[in-house]
Amino acid sequence: MATDWSSLRTAVSETVVLFASTCRALAGAMISLAWTASRFLRRLARELRSLAGGAYGSAASILSGSVKAFLVGPLRVVLLGKRRDVSLLTSLLSPVLALVVAWWVASTIGYEALTTMVRGTWFGTAPSLLVFLAVGGLLGLGAISAGVNSGLLPTAILVSAPIFGASVTRYGTTITHTWGSQVVSLPNAVGVALLFAVAFGVPLAVAGFLIGRTLDRVVHAYDDGAGPPSTVDTP
């Protein structure tokens, strides 16, 4: 009996010693792995900082050179115009123009007659001279704005303003659907007017802008080529 107890105690002792040795080995391996991973991450962080610093320096040198000159030069002129005061004045006049057009449409022809003329002109069933004149006037307005000050954004706002003003007169009208009639609310009228202003005003503004810039280049080229005749002393 004593021999069995001694054998059991020996087996338990060996198991404890083996378990302790295994835990020490695992702990050592985990510490070594953690140290190796820490060294790798520190080295990776240094490489990334170095790479980011080089990329930042390259990007800064590029942006401070030709790209910066392009952004603050031709691109700014094309988008915002040559003179900020003229662009600001154009943007401030746009709401006034929209209000004038809205008042004129509401007090004369009305929204329903306007939509009838636009649809008839669009589909060719009943072309309206007024619609053609309005489109020509918007193209001319965009061409004048682009020729005087360039600036695609102010030109787009200026050309889209009359379309917004004419479309917002939809407010308060009665729209008939298959399920019944509905009075147009103010949010609905403003939302649809914005949609029409973007859908029709932006293409007209771009077309007018291209026309205005082309004419401006032609005029400048003609002025540059037509100088005073050279005087040659004749004997």
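Each residue of region 21-36 in turn: what ³J(HN,Hα) in whole Hz from Karplus with 6.51, -1.76, 1.60 and θ = phi - 60°, glycine and Pro shown as x?
Once θ is set to phi - 60°, the couplings for region 21-36 become 5, 5, 5, 5, 5, 5, 4, x, 5, 5, 5, 5, 5, 5, 5, 5 Hz.
What is the fewest-to-most order of Ile175, Ile144 by other Cβ atoms lying within 10 Å of their Cβ?
Ile175, Ile144
Taking 1 over the mean of 1/r across every pair of different Cα atoms in region 81-224, what Kirkwood radius in Å do you get?
16.2 Å
Along region 154-159, what does the Karplus equation 6.51 cos²θ - 1.76 cosθ + 1.60 (θ = phi - 60°) give for ³J(HN,Hα), rounded to whole Hz, x for Gly and Pro?
Karplus-based 3J(HN,Hα) across region 154-159 equals x, 5, 5, 5, 5, 6 Hz.
Since every read-out is calculated from the coordinates, none of them should be taken as a lab result. Keep in mind the model is a prediction, meaning the values are calculated, not measured. Using ideal geometry, Cβ is built from the backbone for each residue, glycine included, and neighbour counts are taken over all protein chains shown.
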